[in-house]
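For reference, the structure is listed below as structure tokens.
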Amino acid sequence: MKYALLICDDEKISPSMEEMDADPVHRAWQADLDRRGAELLGMRLRPVASATTVRVRDGETLVSDGPFAETKDFVGGVVLIECADLDEAIAIAAGHPYAQWGGVEIRPVWE
């Protein structure tokens, strides 16, 4: 089964790429993904200030800078995994360092 892990955090406290690469907890999580052969795709997103939101209302396309949601937690990355079931996806998500201060949303992928 494929799942998308939406890595959510507060950009004001999230570590830099260099800090993440050096973090032993993040490195251990990546090693676990490698051991399981679960990661199909993973990428960190640029800051939410670079986002563009598009909505269409009554036939008019509305474009605005930034995110649609008014919240301090934003999706900062996406990891696509393939694993046996939701229990394994939960175990993988729980191991992500951001789960300690942000959150990791698990979404099944339509196939």
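Rule-based calculations on the coordinates, nothing more; no lab input. Just so it is clear, the model here is predicted, and its values are computed rather than measured. Cβ: placed from backbone, ideal geometry, glycine included. Neighbour counts: every protein chain shown.
Before moving on, here are some points about what is shown:
- Dipole of the stretch 2-108, positive direction: furthest Cα of L62, G42, A91, with charges on the beta-carbon: L62
- Ranked R57, R44, criterion: other C-beta atoms within 10 Å, fewest first: R57, R44
- Restricting the chymotrypsin sites (Phe, Trp or Tyr not before Pro) of the stretch 1-71 to loop positions (DSSP other than H, G, I, E, B) with no more than 13 neighbouring Cβ atoms within 10 Å leaves F68.
- Between 0 and 90°, nearest 10: helix 86-95 axis offset from the chain longest Cα axis: 90 degrees
- Alpha-carbon gyration tensor eigenvalues x 5, square-rooted, for the chain, Å: 27, 19, 11
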